[in-house]
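A.B. asks: Next up is a structure, given as structure tokens.
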Amino acid sequence: MDISCSQILDALQAQIAVIDANGAICYVNQAWRDFASSNGMSADYEWEGNNYLAACKIGSTDEGLQAANLIEDVISGLRDEAYLEYPCHSPTMRRWFMMHVAIIPSTPLCVISHHNITDRKLIEEKVEELSLHDPLTGLGNRRLFLQESHRQWLHNQRYHTGMSVLMIDIDHFKIYNDYFGHLAGDQCLIAVADVIQSNAHRPDDVAIRFGGEEFLLLLGQTDAPSALLVAEKIQAGIMALPLHTPANGPITVSIGIASARPSSLSEANRLVDLADKQLYLAKESGRNCCKITHPS
């Protein structure tokens, strides 16, 4: 069977190019040409002789420069091979690729292949999304809160802005759940979560289901008076839900509020502790109210 190396490479889905020690392209396979053509390049473009390293550097993107550096490391012998995963989104499609670079043994030539890893990346994104959110309500979970609170705490330290935390607890939820059943209890949790989420308007506002019937709302760049207004809107929105307690009263919540600037507390978790203490005071005060603290 007389099959050329070029025929074999053209049968592969990976986009493959061979370059010399200076970065000049010596060969590209059909998948390389097809991908370039689908992204606006002429189908009969002459790739051979063009410098791939220079092309990587022209755009000055992080991925392009990183790719060029890795290729140069392989060519110079600093690495046996190199891998790079990078986004390559089009106007209509999100795409990711993995570049693999290796020297062709006993030659000064380097083979570069680009593999489409979009399916894997989308699955990884979905898994990451699920790992950060509560499956019942769709709100963030404690893991997301830890990520976001740390990020915002560092941002506030840099820009000397404040942040607030609302700890929200559904009043007498156990009685509601026992009386109406777990399915109705879940629907109540979802409805309350929707009200809380509807008050998280800005990118730095993060709604969290903290556990059971307890929720948390992280308000970035928000002082105590503004946080109290949000808390009161949440209370009003929940009381307006078409849900009623066994005594035919509205669903209510107790809310603890803590606000601070990064200079006044060592950790964002400390802010949660302060909000939790205020929540306890709200419950002790008869529930269906807000209590607020202002750390100095």
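A.B. asks: Please enumerate the residues belonging to segment 53-104 that are assigned to a strand (DSSP E or B) and β-branched (Val, Ile, Thr).
C.D. replies: Scanning segment 53-104 gives Val101, Ile103.
A.B. asks: Moving on to the next point. Within segment 1-46, restricting attention to residues that are aliphatic (A, V, I, L, M), in a loop (DSSP other than H, G, I, E, B) and over 21 Å from Pro91 (Cβ atoms), which residue is farthest from the chain's Cα centre (by Cα)?
C.D. replies: Restricting to residues being aliphatic (A, V, I, L, M), in a loop (DSSP other than H, G, I, E, B) and over 21 Å from Pro91 (Cβ atoms), the top hit is Met1.
Yes or no, residue by residue, for (1) at pLDDT below 95; (2) out of contact with any Phe, Trp or Tyr (no Cβ under 7 Å at 6 or more places or on another chain); (3) part of a loop (DSSP other than H, G, I, E, B); (4) surrounded by 19 or more Cβ atoms within 10 Å (Cβ to Cβ):
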site	(1), (2), (3), (4)
Ile196	no, no, no, yes
Pro203	yes, yes, yes, no
Phe215	no, yes, no, yes
Glu232	no, yes, no, no
Ile238	no, yes, no, yes
Asn248	yes, yes, yes, no
Ser263	yes, yes, no, no
Arg270	yes, yes, no, no
Gln278	no, yes, no, yes
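A.B. asks: Residue check: is Asn248 in the same structural domain as Gly138 (by TED's automatic domain parsing), free of Cβ contacts under 8 Å to residues at least 12 places away in the same chain and of a type in the set (S, T, N, Q)?
C.D. replies: yes
A.B. asks: Something else now. What is the residue count in segment 120-163 for residues that are small (Gly, Ala, Ser) and closer than 16 Å to Ala193 by Cα?
C.D. replies: Total meeting the criteria: 2.
A.B. asks: Look through Ala227, Ala207 and report the one residue that is in a strand (DSSP E or B) and either in the same structural domain as His150 (by TED's automatic domain parsing) or not charged (D, E, K, R) (or both).
C.D. replies: Exactly one residue qualifies, and that residue is Ala207.
A.B. asks: Let me ask something additional. If I filter segment 98-112 for residues that are surrounded by 13 or more Cβ atoms within 10 Å (Cβ to Cβ), modelled with pLDDT of 95 or more, in the same structural domain as Cys26 (by TED's automatic domain parsing) and not aliphatic (A, V, I, L, M), do I get at least one hit?
C.D. replies: There is at least one residue in segment 98-112 that is surrounded by 13 or more Cβ atoms within 10 Å (Cβ to Cβ), modelled with pLDDT of 95 or more, in the same structural domain as Cys26 (by TED's automatic domain parsing) and not aliphatic (A, V, I, L, M).
A.B. asks: Being among the polar types (S, T, N, Q) and over 31 Å from the mean Cα position of the chain (by Cα) is the filter here, so list the residues in segment 47-80 that pass it.
C.D. replies: Hits for segment 47-80 are Asn50, Asn51, Ser76.
A.B. asks: In segment 125-168, which residues are in a loop (DSSP other than H, G, I, E, B), under 25 Å from Ile292 (Cα atoms) and of a type in the set (S, T, N, Q)?
C.D. replies: Residues satisfying the conditions are Asn141, Thr161.
A.B. asks: In this structure, is Ser113 of a type in the set (Gly, Ala, Ser) and not in a strand (DSSP E or B)?
C.D. replies: no
The values are calculated or read from the model by the stated rules, or taken from the named source; none is laboratory data. Values in this document were obtained by computation on a predicted structure and should not be read as measured data. Note that we place each Cβ from the backbone using ideal geometry, even for glycine, and neighbour counts take in every protein chain shown.
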